[in-house]
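Trainee: Before we start, here is the structure in question, set down as structure tokens.
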């Protein structure tokens, strides 16, 4: 028998052999960055395709709030916290628009999937529950930033002084507030079984907390009982801290606000993650 190799035997390149995947080595690393990025882009494109409704309409509505309250209460050189009333009102309206739209975006994602039967698009891809949660909340935060920027630009064109005084409170309370409502929106979309359920949470929880958060007034003008009640409203700390970044004055303790928002976000993140892992009201 000849020791020469058979001419019909295929030759394997050594370099190609080294690049072949080894058995037992996962094809997807610890974090599926490609899948996470894809789902995030999907969420952003979903609201950006109807940006007239999701970005510009909220900006115009918020600007109308400013016009109405400025005309009704802002005449005569009235000042609040040492600044003109419209300068006091503008940052709170920006923050309120951001958090409300963050909730609206996140509360729609999984709910529409459950109603239309496309929830499998979130469950079948090789994405962990944490990656799905990050993408959904990231999309909500992106919409909040877009709405906040649009409202800020509209107010600047209207002639309102919205120049930042301290950048870090604007970034922290703006982003963390949007993340809080994004997480609460994901929680709502997990729980809700129809659009009426999500609308009920919007009308009876989100809207009242936003309107009673000190956006249009300082809690110093309230009765002590209502001041104590306001201290349990997380929206109050978001809007008060966000306003501090613009006017350099606040009617709350900034450190308390930082810790309250951080604690609530940590709790909501853990709760949403646990529900997604167990598939509560999502997986049959």
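Trainee: Only one residue in 214, 174 is on the phi > 0 side of the Ramachandran plot and either touching a residue at least 12 places away in the same chain (Cβ under 8 Å) or in a helix (DSSP H, G or I) (or both), so which one is that? Give the steps one after another, and end with the answer.
Mentor: Working: 174 fails: on the phi > 0 side of the Ramachandran plot.
Going through 214, 174 in turn, the sole match is 214.
Trainee: Mind counting the residues in the stretch 219-247 that are within 18 Å of residue 79 (Cα to Cα) and at pLDDT below 90?
Mentor: 4
Trainee: Scan the stretch 237-278 for residues that are closer than 17 Å to residue 212 by Cα, outside any helix (DSSP H, G or I) and touching a residue at least 40 places away in the same chain (Cβ under 8 Å) and report the count.
Mentor: 2
The values are calculated or read from the model by the stated rules, or taken from the named source; none is laboratory data. Quick caveat, the model's predicted, so the values are computed rather than measured. As a convention, Cβ positions derive from the backbone with ideal geometry for all residues, glycine included, and neighbour counts pool all protein chains shown.
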